[in-house]
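This report concerns only the one structure given below.
The values are calculated or read from the model by the stated rules, or taken from the named source; none is laboratory data. Treat the numbers as computed from the prediction; the structure is a model and nothing was measured. Cβ sites come from the backbone with ideal geometry, for glycine too, and all protein chains shown count toward neighbours.
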Amino acid sequence: MAKVTSKNQVTVPKAIAERYCIHPGDHIEWVAAGEVIRIIPAGKRKAHASPESALRLFDQATERHNQRRVARRSKPPRDRGWSREDLYVRGRSR
């Protein structure tokens, strides 16, 4: 986790800098993306501009999403002490 200094500066963690080839003096772009901020190394954004590259990234994200969905299904359902049917009759006179 990085900390913002009194001069609004942030240190890029070493592992992230190495993974994305960010070196001292490089420019990075800060992009608002809803509730989060995306940090894009300068010059890297254009690398994903081709439709083939965008489709490849989309396919990779879809595969990750599907893997998470399968992992969630493998968990047994929790016993809450009530069933869906109980919700339909709750509060009604019998």
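Here the range 43-54 is the region considered, the condition is being touching a helix residue (DSSP H, G or I) at 6+ places or on another chain (Cβ under 8 Å) and surrounded by 11 or more Cβ atoms within 10 Å (Cβ to Cβ), and the residue that is modelled with the lowest pLDDT is HIS48.
Restricting VAL70, VAL12 to residues that are at pLDDT below 85 and of a type in the set (Val, Ile, Thr) narrows the list to VAL70.
This table checks each residue for (1) assigned to a helix (DSSP H, G or I); (2) at pLDDT below 85.
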residue	(1), (2)
MET1	no, yes
CYS21	no, no
ARG56	yes, no
LYS75	no, yes
GLY91	no, yes
ARG94	no, yes
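Residues of the range 10-20 that are under 18 Å from ILE40 (Cβ atoms) and exposed (fewer than 10 other Cβ atoms within 10 Å of the Cβ): ALA15, ARG19.
Would you point out the residue of the range 23-42, among those that are in a loop (DSSP other than H, G, I, E, B) and surrounded by 11 or more Cβ atoms within 10 Å (Cβ to Cβ), that is modelled with the lowest pLDDT? Here the residue is ALA42.
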